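The values are calculated or read from the model by the stated rules, or taken from the named source; none is laboratory data. For clarity, every value in this text was computed on a predicted model and none was experimentally measured. Backbone-built Cβ (ideal geometry, glycine too); neighbour counts: all protein chains shown. Only protein heavy atoms, including side chains, enter the accessible area calculation; ligands, DNA and RNA are left aside. Shrake-Rupley method; radii C 1.70, N 1.55, O 1.52, S 1.80 Å.
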Amino acid sequence: SARVAVEQHRAGGLVGVGTDFPVDGVEPGTSVHRELELLVEEGGATPLEALQMATLRSAEILGFGDLVGTVEAEKLAHLVVLRANPLDDVANTRAIELVVHDGRIHRPD
């Protein structure tokens, strides 16, 4: 459950976000936003904790923490620029202005 995931994260366990997969007609890219919302709404996570699980912790779990997961010098340029602050409301992760992937800028349709 979301609550167990948040408890594990708070206890120092590695908990990542992983529902961004085309299942049951869900378009890739949308399910991850709902997972973040559920971590906050049902799991009791703060928006910051949910974002950490989706970025930093997910990268560490996959063994790519030295390449992605945070914005730092020497890491790959993969990031999402939002029009609203997700720390105020995690649903603001849906307010995508642009995506930077491999240093290239992509704007949503």
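In the range 37-109, taking the dipole from charged Cβ atoms about the Cα centre, the farthest positive-side position among Ile105, Met53, Val68 is held by Ile105.
Roughly speaking, to the nearest percent, how much of the chain's 1.4 Å accessible area is carbon and sulfur? Summing carbon and sulfur atoms, their accessible area is 55 percent of the total for the chain.
Accessible area per residue of the range 50-109 at 1.4 Å probe, in Å²?
On the way: 4090 Å² over 60 residues.
For the range 50-109, the solvent-accessible area averages 68 Å² per residue.
Charge dipole of the chain (Cα centre as origin; +1 on each Lys and Arg Cβ, -1 on each Asp and Glu Cβ, all else neutral): 120 debye, rounded to the nearest 20.
Which shape class applies to the range 64-109: rounded if a/c is under 1.5, otherwise prolate when a/b exceeds b/c and oblate if not, where a ≥ b ≥ c are the square roots of the Cα gyration tensor eigenvalues?
On the way: a/c = 2.99, a/b = 1.44, b/c = 2.07.
Oblate, since a/c reaches 1.5 and b/c is not below a/b.
In the chain, Cα pairs under 8 Å separated by at least six residues give a relative contact order of 20 percent.
Using only the Cα atoms of the chain, build the gyration tensor, take square roots of its eigenvalues as a ≥ b ≥ c, and label the shape rounded, prolate or oblate: rounded if a/c is under 1.5, else prolate if a/b is larger than b/c, else oblate. The shape class here is oblate. The loop-placed trypsin sites (Lys or Arg not before Pro) in the chain, going by DSSP, that have at most 16 neighbouring Cβ atoms within 10 Å of their Cβ come out as Lys75, Arg83.
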